[in-house]
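Below: the structure, in structure tokens.
The values are calculated or read from the model by the stated rules, or taken from the named source; none is laboratory data. All values derive from a computational prediction rather than experimental measurement. In this analysis, Cβ positions are derived from the backbone assuming ideal geometry, glycine residues included, and neighbour counts consider all displayed protein chains.
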Amino acid sequence: MNVYHEILEKVHAALEELQARGELPGNLDLSAVTVEPPRDPAYGHMSTNAALVLARAARTKPLELAEAIAARLRGLPDVAAVTVASPGFVNLTLADDVWRRQVEVVLREGADYGRCDLGRGLRVNVEYCSANPTGPLHVGHGRGTVFGDALANLLEFAGYRVTREYYINDGGGQIEALARSIYHRYLQLLGQTDEPLPKGLYPIEELVPVAEAIVERDGAKWVGKPESDWLDLFGRAGVQAMMARIREDLALLGVRHDVFTSERALIEAGRIDETIRHLDGLGLVYVGTLPPPKGKPVEDWEPTPQLLFRATLFGDDSDRPLKRSNGAWTYFAADVAYHLDKIRRGAQLLVDVWGADHGGYVKRMQAAVKALSEGRVELVVRLCQLVKLYSAGQPLRMSKRAGRTVWLRDVLEEVGRDVFRFMMLTRRNDAPLDFDLVEAVRQSKDNPVFYVQYAHARICSVFRHAAEAGMDTGRWAGVPLERLRDPAELELLRAMAQWPRVVEGAARQFEPHRIAFYLHDLAGAFHSLWTRGKEESGLRFLLAEDEATTRARLAMLAAVRIVLANGLRLLGVEPLEELH
């Protein structure tokens, strides 16, 4: 149940009445009409833009239309006051009973409170993490992984049929570099070299056990052999070992993918050739030359005929190469084949979560998906900015190639999964995020994850005290909710009732950080009421001399606890009953 939807229906009813009376045209498009909280609470609880978005089509002035709408909303049972504000907003203040009734709704719907049918069963493929299998997951990978996982949870809660996918980039130059990195350690273990690792290879210690396993199995078999003999074998061994470690890291983070798709498997199955033939059949492939790269002197560039995809027909800035000059497929060609594979598996919407350094790749992939699906499937890309890691205010430098990497597993062992997941969602995905290992576990009101978890734990403590006092905390029928009269109580109820609207808005915009922001606000409303109760005995939750008010407040707290728990679980965070 969404109270904002209920008021929107009343606004639509007012508009339809005006249409029936001939005061508005009958063919107006009402899809842009919204009901939202006003920016300034002084204007009331809700505001509709109906007059602003319909005035031009209705050939009337916004303020005049707003007054006509307001006249039909005044006097409705749940509406306490209606005002009109320039340039044409209609502001509503609802009766207190509207907010009190939300307690009954939450208690009735429980874990399903806030669930909606926005997605209408649409099959959406969310691809996230997809770190190159050249090492374990580091903190930067962790942010995109948490974002993608929370987004998948959110979309599922909003009525989508979600597939969670990991794309294994196990083809191309980075895997050759991985193989050479392992081979160098193989030679070191056999005493065949004491040279340092060549520049451009991976210096991480986690590759040593891979080399040790090859030594144990094959001995010196590959010493002195040409690269063509061992490159593929060492690369496969490295990918297998690193993917095993990555899966372990994902499990520690509480992440479960439904599908793991291998780039190499797609290539070996001939999917790239098949995809190019498909594009060629649509007339979207040709041999041509591209203009020189921007900012590069013309004398340093030679036009080379290449196989190109007509990306500019679908909104890209340039047509894109599918083959390199040496005849090998480009990374783009492999990615096009992969996205066609997802479409053919039934995805009706694609969501890719990438690192910020892939920003220049977005338009070409969206163009490719539009072409491949003939406009039926949309690709939504969300870029995650970098994480700057600190410890007590001191920056920790990270570089996989330089061997100075802070692995995700190490951070999870230090701060815990729940803390890490919540903190990764305390900023928009496209904004840089500072993560301090010390501050993340500090129990203070300035720590957002502690602040929210503390609200849930405090409510649990109230119920423990109530049970110890012999109060019935399992029956809510007939609770006198009219006893909830204090402005702070009503403010908490209004904050709680925002939850269905927040879920819908976050899912519509693919922004799970909105859930974390909302939980912080809801926790704030609760903590404010808790503090008032410390100062004013009449506002305490448990009143020995007033059973009716106590039951009403316990019902309110039970509902708030449900909403906090629902939100935390969408983020992949376990609601805590006690903090230590």
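Which one of ILE69, ILE7 is under 30 Å from LEU107 (Cα atoms) and either among the aliphatic types (A, V, I, L, M) or touching a residue at least 60 places away in the same chain (Cβ under 8 Å) (or both)?
Testing whether each residue is under 30 Å from LEU107 (Cα atoms) and either among the aliphatic types (A, V, I, L, M) or touching a residue at least 60 places away in the same chain (Cβ under 8 Å) (or both) leaves just ILE7.
Among the residues of the stretch 336-357, how many are in a strand (DSSP E or B) and in contact with a Phe, Trp or Tyr (Cβ under 7 Å, 6 or more places away or on another chain)?
Residues flagged as in a strand (DSSP E or B) and in contact with a Phe, Trp or Tyr (Cβ under 7 Å, 6 or more places away or on another chain) within the stretch 336-357 amount to 2.
Given the structure, is ALA548 on the phi < 0 side of the Ramachandran plot and surrounded by 16 or more Cβ atoms within 10 Å (Cβ to Cβ)?
Considered against the rule, which asks whether it is on the phi < 0 side of the Ramachandran plot and surrounded by 16 or more Cβ atoms within 10 Å (Cβ to Cβ), ALA548 comes out as no.
Consider TRP476 against the criteria (1) surrounded by fewer than 14 Cβ atoms within 10 Å (Cβ to Cβ); (2) assigned to a loop (DSSP other than H, G, I, E, B); (3) in contact (Cβ under 8 Å) with a residue 24 or more places away in the chain: it satisfies all of them except one. Which criterion is unmet?
Going through the list (1) surrounded by fewer than 14 Cβ atoms within 10 Å (Cβ to Cβ); (2) assigned to a loop (DSSP other than H, G, I, E, B); (3) in contact (Cβ under 8 Å) with a residue 24 or more places away in the chain, TRP476 breaks only (1).
Give just the number: which of (1) under 27 Å from the mean Cα position of the chain (by Cα); (2) modelled with pLDDT of 95 or more does PHE463 not satisfy?
PHE463 satisfies every listed condition except (1).
Here's a check for you: in the stretch 245-262, which residue that is surrounded by 14 or more Cβ atoms within 10 Å (Cβ to Cβ) and of a type in the set (Val, Ile, Thr) is farthest from ASP170 (Cα to Cα)?
Ranking the qualifying residues of the stretch 245-262, first place goes to VAL255.
Considering only the stretch 80-112, how many residues are touching a residue at least 40 places away in the same chain (Cβ under 8 Å) and within 27 Å of ASN49 (Cβ to Cβ)?
Of the residues in the stretch 80-112, 15 are touching a residue at least 40 places away in the same chain (Cβ under 8 Å) and within 27 Å of ASN49 (Cβ to Cβ).
Does LEU178 meet the test of being within 30 Å of GLU216 (Cβ to Cβ) and surrounded by fewer than 20 Cβ atoms within 10 Å (Cβ to Cβ)?
It is false that LEU178 is within 30 Å of GLU216 (Cβ to Cβ) and surrounded by fewer than 20 Cβ atoms within 10 Å (Cβ to Cβ).
With the stretch 93-212 as the region, which helices (runs of 4 or more DSSP H) entirely inside it contain at least 1 residues that are at pLDDT below 95?
Here the list reads 139-157, 173-189.
Determine whether the stretch 334-342 contains at least one residue that is touching a residue at least 40 places away in the same chain (Cβ under 8 Å), basic (Lys, Arg) and under 24 Å from GLY144 (Cα atoms).
yes
All but one of (1) under 36 Å from the mean Cα position of the chain (by Cα); (2) assigned to a loop (DSSP other than H, G, I, E, B) hold for PRO292; state the number of the condition that does not hold.
Against the list (1) under 36 Å from the mean Cα position of the chain (by Cα); (2) assigned to a loop (DSSP other than H, G, I, E, B), PRO292 comes up short only on (1).
From the list ARG483, ARG464, exactly one residue is basic (Lys, Arg), more than 23 Å from GLU156 (Cα to Cα) and free of Cβ contacts under 8 Å to residues at least 24 places away in the same chain. Which is it?
It is ARG464.
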